[in-house]
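The values are calculated or read from the model by the stated rules, or taken from the named source; none is laboratory data. Owing to the predicted nature of the structure, the values given are computational and were not obtained by experimental measurement. Virtual Cβ from ideal backbone geometry, glycine too; neighbours counted across all protein chains shown.
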Amino acid sequence: MRALRRAQALEAGKPKTARRLMAASAVFAFGLLASIAGSPIQLITATPAAAQQTPKSAFAKPKNGIFGKTQKFDGGLPLHLQADELVYDSEGSKVIAKGNVEIQYENNNLTADEVIYDQAANTLSAQGNVVLRDANGNIVRAERYTLTDDFRDGFVQSLSVVAVDDSKISAEQGIRRDGNVTEFKNAKFTPCRTDGSQPPLWCIAASTVTHDQAAQTISYQDAQFEMFGVPIFGLPYFEHPDPTVKRKSGFLAPDIGSSGDLGFFTEIPYYFALSPSYDFTFHPRYMTGQGVLWMGDWRQRFANGQYSVKLAGIDQDGSDLDVDPAKQQDLDGFRGSIVTRGDFSLASWWRAGWDVTLETDDTFRRFYKLDSILLTDRVNNLYFTGMSDRNYFATNLYQFGGLLLDDTAQSESRVHPVIDYNYIVDAPVVGGELSIAGNALSLSRSDGLLGTSDQEMSRASMEVKWRRRLTDQMGITYTPFGELRGDLLQVNNYRDAETGLAVDDDTVARGLASGGVTVAYPWIASTAGASHIIEPIGQIITRTANVDQREFPVEDAKSLVFDDTNLFDTNKFSGWDRLETGTRANVGLQYTFQPWTGGHARVLAGQSYQLDGQNPYANRAIPCDPDGAGPQPESIVRAAGVDDNCNPVFSPNSGLETSTSDYVLGAYIAPTDNFRLISQSRFNDDDFTLKREDATLAVNYGPLSMAATYTYSFADPEFGTRAEQDVSALFGLRLTDRWSLLGGLRYDLDESQFITDTATIRYQDDCFMLSVTYDEYHIRDEARDIEPDQTVMFRIEYKYLGGFNYKSNVLDYVNSDQQPPG
């Protein structure tokens, strides 16, 4: 019969010693585990800067390491022991538990053939089929396990560890000495699952692994990296920080690739852990075609925020570039950039920060693949914001710069600053909600109309709104509203948007009063399978009939898209620079379908009518001369406003330019959580021809995930606009549990040409990831050394070790006389 004893009965005089030794056994065992497991973890977690050089890991990072949270042992808790036989050796001062020994302590469980507590030597030994299961679920197996009372020395023979995530560690011996240094002999580590019948996909083996806790380092002697049991490469010695070190200076994973313009290149980043609050990563790119692109990233964190500065520069040899010889001299010499971002919390409601990019020329960052080749604008911003439950304040300073071939000096502008303020009164006013909004803008632009003077504009605007929602006994809702608006403008060296003439210096004001009501009458019906809501909506707005907007430049109201989302907006312009005037009616019909089984569908159709007063969207004949000399018969532009190049400042075909607008239709269909269709359409009010379409489809069905977007805008030769029609799509297809296919494209249907396309084939199991990605950009801007680009990138990642990238412009070699090496 098995004998069951409590550990307190081992020796009445020293129960805590036995308990402490058993606790120590757990501490020692998992101290050994952390030592050998630290190497794979540390390679990707020791330096926070690694994340800014490599893609996001394909494997989830364990929050508390491979073996979970470090346990703290309470020496006052009871230790439970059971065994087939318990022997007291009073002469040898030993307590021996034999046969099916099991010891439980704080959710840790130790089993062995025999456990010996040597009171004289202050050691606890377990031998024969030793298995230790800790509270985190890790399992340690060994043939022999000895630990001294003071934790300073210990020995484990034939160590085998299986972590919660199935990572495995094995060693012939584990030795702890001086209470500080732990050594493993002939050790191996792998995170790959294997049944033992064949070698793991990969593992790390070393003759000796030494963990020095005082120095916080782990060193390897005769280390080898193996795949399928075959050694791939080895190092006689290497060392890295242990898992207790969050930041330490050292090299990061390299980035290697090739390009037709840059040649073969490599980046080997070095991370400087200068302080707990700031660091620096030096990552020069060595290129066979251009030399060295020097790059460095500085980051600093404070208690209330953080900022970063990224530097890049090269002394470029223009003669090595495949561009027009006339341009080679322009591209010779130093090129570089500074990118800095910051964000700080100043108080509970207030924040400040910046996002600024300074560069020697507008193609440097795109040419060296530091920015996307599709980037069309450079926007620099400094901001100061405050927000509470009912208040919002923001001050922004902007600099805008165009990166397209046809961008001129007019594309460069500086906003200093733009101020926004919104406030909602807490208490109801006449039973409704009263809100106040303000906007102030100061803007300048180089190369104005008159000589070389800057264009300058300053505007201050204030708006007060009131609204109240009422519902009668029939369910009809009435929302009366009123608005007061005032603007003061000072302009210099601008073009009059109404007459087309240049304006030297002027100060003008405008004001607007409006009032109206929105009425909706929802009809609800229920059928066997769904509920139906049919809701007619009508809105009437009466305003000042005519407001002089001649000298108000259009800067923030150029993005004019008329669709169902702004059908009932009281001002359909996107910004403050333009106002709706006169009396306008907006009408629509909305239908909502909700099946009892889930899902929903909603459709809204409507139209807008200018009933009286000036239509600010109308296209009037405007004499326009790009030189500002005055009206010329041969330069007539029909538009609601023009810029300094006599181009319309917003779409002259918005669908609102006549007294009866185009029809708008919005459809939002989601029969299940895995299918969603959104369509926003605009049709001609005379013949119902399609004028604009924006459609998005998202599908998740089994192994397939897909999102597609289709856009269309009609052509109008009278205004020099051509039809634009393109489609973009992203998809993912899981072929098997380990293989998947990813892809994306953007295609110009009118030009029958791809804009971008990409495809990725990916393999990922429990410990290894391999992907091959093909990217293609069909963008050409010869004047700015931007050419079509095709690249292939290989990415390999080993769980807990990190990744490796290789990127190559393979098609550059296919289309040239060069041949890739090897």
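Check whether at least one residue in region 139-147 is surrounded by 19 or more Cβ atoms within 10 Å (Cβ to Cβ), under 30 Å from Leu801 (Cβ atoms) and under 45 Å from the mean Cα position of the chain (by Cα), and report yes or no.
Yes, because at least one residue in region 139-147 is surrounded by 19 or more Cβ atoms within 10 Å (Cβ to Cβ), under 30 Å from Leu801 (Cβ atoms) and under 45 Å from the mean Cα position of the chain (by Cα).
In region 509-523, what count of residues is obtained for those that are in a strand (DSSP E or B) and touching a residue at least 40 places away in the same chain (Cβ under 8 Å)?
Number of matching residues: 7.
From the list Ser740, Ser771, pick out the single residue that is part of a strand (DSSP E or B), modelled with pLDDT of 75 or more and over 21 Å from Lys369 (Cβ atoms).
Only one candidate qualifies: Ser740.
Need the failing condition index for Ala215 against (1) touching a strand residue (DSSP E or B) at 6+ places or on another chain (Cβ under 8 Å); (2) farther than 30 Å from Arg365 by Cα; (3) surrounded by fewer than 18 Cβ atoms within 10 Å (Cβ to Cβ), just the number.
Among (1) touching a strand residue (DSSP E or B) at 6+ places or on another chain (Cβ under 8 Å); (2) farther than 30 Å from Arg365 by Cα; (3) surrounded by fewer than 18 Cβ atoms within 10 Å (Cβ to Cβ), the lone unmet condition for Ala215 is (1).
Among the residues of region 63-73, is there at least one that is over 47 Å from the mean Cα position of the chain (by Cα), modelled with pLDDT under 85, surrounded by fewer than 14 Cβ atoms within 10 Å (Cβ to Cβ) and part of a loop (DSSP other than H, G, I, E, B)?
So far as region 63-73 goes, no, none of its residues is over 47 Å from the mean Cα position of the chain (by Cα), modelled with pLDDT under 85, surrounded by fewer than 14 Cβ atoms within 10 Å (Cβ to Cβ) and part of a loop (DSSP other than H, G, I, E, B).
Looking at Ile204, is it outside the structural domain of Gln157 (by TED's automatic domain parsing), of a type in the set (A, V, I, L, M) and touching a Leu at 6+ places or on another chain (Cβ under 9 Å)?
Judged against the criteria, Ile204 is not a match.
Looking only at residues that are assigned to a loop (DSSP other than H, G, I, E, B) and free of Cβ contacts under 8 Å to residues at least 40 places away in the same chain in region 85-121, which one is surrounded by the most Cβ atoms within 10 Å (Cβ to Cβ)?
That would be Ala121.
Is it the case that some residue within region 223-239 is in contact (Cβ under 8 Å) with a residue 24 or more places away in the chain and in contact with a Ser or Thr (Cβ under 7 Å, 6 or more places away or on another chain)?
no
Just to be sure I understand, how many residues within region 238-273 are in a loop (DSSP other than H, G, I, E, B) and either more than 27 Å from the chain's Cα centre (by Cα) or of a type outside the set (D, E, K, R) (or both)?
14
Ser816 fails exactly one of the following numbered conditions: (1) within 29 Å of Asp694 (Cβ to Cβ); (2) surrounded by fewer than 16 Cβ atoms within 10 Å (Cβ to Cβ); (3) modelled with pLDDT under 80. What is the number of that condition?
Status for Ser816: all satisfied but (1).
What number of residues within region 222-246 satisfy the criterion of being at pLDDT 80 or above and surrounded by 18 or more Cβ atoms within 10 Å (Cβ to Cβ)?
2
Which numbered condition trips up Pro276, out of (1) part of a strand (DSSP E or B); (2) surrounded by fewer than 17 Cβ atoms within 10 Å (Cβ to Cβ)?
(1)
Note down all Cβ pairs under 6 Å where the first residue falls in region 287-314 and is crowded, with 17+ Cβ neighbours inside 10 Å, the second is among the acidic types (Asp, Glu), and they're at least six residues apart or on different chains.
Short answer, once both residue conditions are applied: Arg299/Asp279; Lys310/Asp297.
Of the residues Thr210, Thr146, Thr194, which single one is assigned by TED's automatic domain parsing to the domain that holds Ile103 and either hydrophobic (A, V, I, L, M, F, W, C) or closer than 29 Å to Ile103 by Cβ (or both)?
Only one candidate qualifies: Thr146.
Residues are listed down the side, and each one gets a yes or a no for (1) of a type outside the set (Phe, Trp, Tyr); (2) within 22 Å of Tyr747 (Cα to Cα):
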site: Ser679; (1), (2): yes, yes
site: Asp685; (1), (2): yes, no
site: Thr689; (1), (2): yes, no
site: Glu693; (1), (2): yes, yes
site: Val699; (1), (2): yes, yes
site: Ser705; (1), (2): yes, yes
site: Tyr710; (1), (2): no, yes
site: Phe714; (1), (2): no, yes
site: Arg722; (1), (2): yes, yes
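Scanning region 712-726 for residues that are surrounded by 16 or more Cβ atoms within 10 Å (Cβ to Cβ) and of a type outside the set (Phe, Trp, Tyr), which turns out modelled with the lowest pLDDT? Show your work before the answer.
First, the residues of region 712-726 that are surrounded by 16 or more Cβ atoms within 10 Å (Cβ to Cβ): 712-714, 725-726.
Checking the rest, the ones that are also of a type outside the set (Phe, Trp, Tyr) come to 713, 725-726.
On the way: Ser713: 88, Gln725: 91, Asp726: 93.
In this case the residue turns out to be Ser713.
Hey, Leu346 hits all of (1) more than 30 Å from Thr385 (Cβ to Cβ); (2) at pLDDT 85 or above; (3) more than 23 Å from the chain's Cα centre (by Cα) but one; which does it fall short on?
(1)
This table checks each residue for (1) at pLDDT 80 or above; (2) of a type in the set (D, E, K, R).
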{"site": "Gly250", "(1), (2)": "yes, no"}
{"site": "Asp261", "(1), (2)": "no, yes"}
{"site": "Ala273", "(1), (2)": "yes, no"}
{"site": "Asp279", "(1), (2)": "yes, yes"}
{"site": "Gly291", "(1), (2)": "yes, no"}
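Of the residues that sit in region 676-689 and are among the hydrophobic types (A, V, I, L, M, F, W, C) and at pLDDT 95 or above, which one is farthest from Gly598 (Cα to Cα)?
This residue is Phe683.
Just the residues that are part of a strand (DSSP E or B) and at positive phi, please, taken from region 220-237.
Asp222, the sole residue that qualifies.
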